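Let me begin by presenting the structure, written as structure tokens, before commenting on it.
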Amino acid sequence: MSNMILFKSASVASTRSKELEVCDVLVKEGRVESVAVNLEKKDGAKVIHAEGKVLLPGLFDLHVHFREPGQTSKENIFTGSEAAINGGVTGVVAMPNTAPAIDSGGLVRSVMDIAKRNARIPVYTTGCITKERKGIEMTPIAGMKSAGAVMLTDDGSPVSNPQLLRRAMEYAREFDLPLASHCETMELSGQGAMNEGRVSYQMGIPGIPAISEEICIARDIQIAEYTGAHLHIQHVTTARGMEIIRRAKNDGVHVTCEVAPHHLIFNEEHIIDYDTHFKMNPPLRTREDNERLVAGLIEGVFDVIATDHAPHTDFEKRQQDFASAPFGITGLETALPSLFHYFIKPGIFGWDLLVERYASQPRSILKFDEVAVAEGSVADLVLFDPAGATTFSREFMRSKASNTPFLDQTLDGSVDMVLSHGDILLERDAD
Amino acid sequence: MSEPRKDLLQIADLTSEEVEHLLSAAQPFKELFRRSVKKVPTLQGKTVLSLFYEPSTRTSSSFEVAAKRLSADVTNLAVATSSVVKGESVLDTVDTLQAMRADYIIIRHKQAGIPNLVARHTGAAVINAGDGFHAHPTQALLDASTLYDVFGSANFSGKKVLIVGDILHSRVARSTSCILTKLGAEVGVLGPGTLVPEHRPEGMRKFSEFDEAFSWKPDVIYLLRVQFERQGEQFFPSAGEYHSVYGLTEGRLDRVRDEGIWVMHPGPVNRGVELADSVMGYERCLINRQVENGIAARMAVLYWLKPQLEPLNE
């Protein structure tokens, strides 16, 4: 009785080829049963006419903030995961900078419990590297791992003390847990609220220099090389930082890294009239950085695309001035349409790259089973209409927050249908 | 001449035509001050509220005198010292002011962009009286108005102004260099390497030392006020070293006098740091003229802006 779904003539996206392959895809009992040209209609199967639409594996976001526990006026695990579904994301990793911070096995377990109860997709959690993210004492790493933590990070802050970071890497290495670094040198960032440069000078806003991030990237890589731990660099924003990572990879250091869509699309020049929807940390850099990061993504320096989905309340973002407003923008609902609109549609990169970096690699970094539009895979699928359009109105968004530069903007493409383990979680009316 | 604006937030928003209009509009007010009755009825019945989140005596009293000479009713909310500072957001305060039907809101705040935020949320005309490192447009207007007097016209082409000091943290440097450039002047800057930004507006020249700057033949030297410490961070070793390298010393004053260079400063001055005592008595020192012109420039701004308050329904 488990629901069978037959996609007729879908354009299947995979890591195998830049070209989409037109196939029929049958989903049965939560898995992809078969992928072939001209599959026979099965009795009881729901038929989806998918001509002209792209069928891709459910996306996986390695970097989101769901704010539960303690900051649920911004977001919670339910609303965050619904936002993910709305954007075609069928698995996420939540950051531990909640209140309290996720820094013990008990807290990891409680987040996992809430996620199982309230989320329709798998929501994983990270654990802190240091207690309360204060950078002073190591957390019970083994306890958090056995409770289900998939990664360690103090995201939002760096571990400023290199000796402590080294110890944490040596310790975590034995438990096979990657350490994710938010790279920033706090003394250089100071009170900064945006990239340090021409625009910050004109706006009179203290700047965060690129070297704040780059120095920390270089330092963390050296510690990773020394300890042999798996280091994952979060949200890289500068071309120089990216080049440091490229060199380390060539030298065989176990380092992976991510880039956020907004750092590919926007730069400091987009900050008009102190619009806080362009304030995040690390900040938007320069137009040249945009171009070079996109090139690096195509060349494979970036293993994954991750949004850093960072919801905040309307009061925090819209009723406060630029310097006082918190860092961060939402991203789960806008990521796929924005990457399609700015890069895939104009031919800058293909669907294969998107599937590789936003579905395949993030799961592979965590050693999860591959999800693909291929026989035997778990049926986490997204049907995307490239001829459609999405307007990111408040009504459209499922996140509690709407702090995105795309608010009330329209982008090409539309997430029409989302499946997780063969269940239809989203089916948008086609009209 | 385009339509009057609702707000004055930053000089960069204004066209050169609008700047010139404001400068000419300030001239008759300067005349007015020589009369025994210095008041005109232009803003009779209008309410001007000033919100100074940073302490200020000069700018706030200059605005107060300007508004009173236009016959407006003026109230200063002492927000810098009241409980308003903690907890209540600026926009909450602005809602209160809306309820008081203020026609003009004059605001100073330590965060850049606050006047822009307030302006979006009120129909009152908002005048930026200094926001963080960002802008101080009425200072720029009074500076330009002062130079208008000495140059005899609003066309500053061919004139060179050297701004000396903390360029990085100065809203005065930003706004004044912007207005000078709009009027055709060239701007050069001189200051400690820690206080001169690498990313400067186009065309702004940087000098490393006074002699190099003198050989550029500036018409005006504009000294900025020095802050010795910012949140515990040190930008130069000592006030003494600052004075000897970047100050207008007795020795440099001789050269300034020989070359007939005008001297300006937004006040209040640190004697013995930005300038030697004797500079205050130098015949081409414009510091007091700046203060005087501040009132006229602010009157011109109040006179020009048009609040967009919606009439109350019965």
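At a glance:
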{"item": "Residue match in region B:77-89 (condition: at pLDDT 85 or above, within 14 Å of chain A (Cβ to nearest Cβ) and either in contact with a strand residue (DSSP E or B) (Cβ under 6 Å, 6 or more places away or on another chain) or at negative phi (or both))", "result": "no"}
{"item": "Qualifying residue in region B:102-111 (condition: away from chain A (no Cβ under 11 Å), in contact with a Ser or Thr (Cβ under 6 Å, 6 or more places away or on another chain) and surrounded by fewer than 24 Cβ atoms within 10 Å (Cβ to Cβ))", "result": "yes"}
{"item": "Residue check, B:PRO4 under 23 Å from B:ILE114 (Cα atoms), assigned by TED's automatic domain parsing to the domain that holds B:ARG298, surrounded by fewer than 17 Cβ atoms within 10 Å (Cβ to Cβ) and at pLDDT below 95", "result": "no"}
{"item": "Elements of type helices (runs of 4 or more DSSP H) in region A:243-343, at least 2 residues being of a type in the set (A, V, I, L, M, F, W, C)", "result": "A:261-265, A:287-299, A:335-339"}
{"item": "Test result for B:ILE167, crowded, with 21+ Cβ neighbours inside 10 Å, in contact with a strand residue (DSSP E or B) (Cβ under 6 Å, 6 or more places away or on another chain) and part of a loop (DSSP other than H, G, I, E, B)", "result": "yes"}
{"item": "Residue in region A:323-331 that is assigned by TED's automatic domain parsing to the domain that holds A:THR256 and touching a Leu at 6+ places or on another chain (Cβ under 6 Å) present", "result": "no"}
{"item": "Residue that is at positive phi and outside any helix (DSSP H, G or I), where the choices are B:GLY193, B:GLY188, B:GLY203", "result": "B:GLY203"}
{"item": "Within region B:120-131, considering residues that are within 12 Å of chain A (Cβ to nearest Cβ) and modelled with pLDDT under 95, the one farthest from A:VAL199 (Cα to Cα)", "result": "B:HIS121"}
{"item": "Count - residues of region B:12-58 that are within 14 Å of chain A (Cβ to nearest Cβ), touching a Lys or Arg at 6+ places or on another chain (Cβ under 7 Å) and crowded, with 19+ Cβ neighbours inside 10 Å", "result": "1"}
{"item": "Region A:292-315, residues that are closer than 30 Å to B:LEU91 by Cα and without any contact (Cβ under 8 Å) to a residue 24 or more places away in the chain", "result": "A:PHE315"}
{"item": "Evaluation of A:LYS317 against (1) of a type in the set (Lys, Arg); (2) closer than 26 Å to A:ASN76 by Cβ; (3) more than 14 Å from chain B (Cβ to nearest Cβ) (one fails), failing number", "result": "(3)"}
{"item": "Any hit, region B:174-181, residues being in a loop (DSSP other than H, G, I, E, B), within 13 Å of chain A (Cβ to nearest Cβ) and closer than 15 Å to B:THR59 by Cβ", "result": "no"}
{"item": "When residues of region A:181-200 are limited to those that are hydroxyl-bearing (Ser, Thr, Tyr) and surrounded by 21 or more Cβ atoms within 10 Å (Cβ to Cβ), the one farthest from the other protein chains (Cβ to nearest Cβ)", "result": "A:SER181"}
{"item": "Pairs where the first residue, in region B:248-273, is hydroxyl-bearing (Ser, Thr, Tyr) and the second is at pLDDT 95 or above, C-beta under 7 Å, 6+ apart", "result": "B:THR249/B:HIS243; B:THR249/B:ALA276"}
{"item": "Residues being more than 8 Å from every other protein chain (Cβ to nearest Cβ) and buried (at least 23 other Cβ atoms within 10 Å of the Cβ) - total across region A:201-213", "result": "4"}
{"item": "Any hit, region B:236-253, residues being closer than 30 Å to B:LYS30 by Cβ and touching a Phe, Trp or Tyr at 6+ places or on another chain (Cβ under 6 Å)", "result": "no"}
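The values are calculated or read from the model by the stated rules, or taken from the named source; none is laboratory data. Quick caveat, the model's predicted, so the values are computed rather than measured. Neighbour counts run over all protein chains shown; Cβ positions are idealised from the backbone, glycine included.
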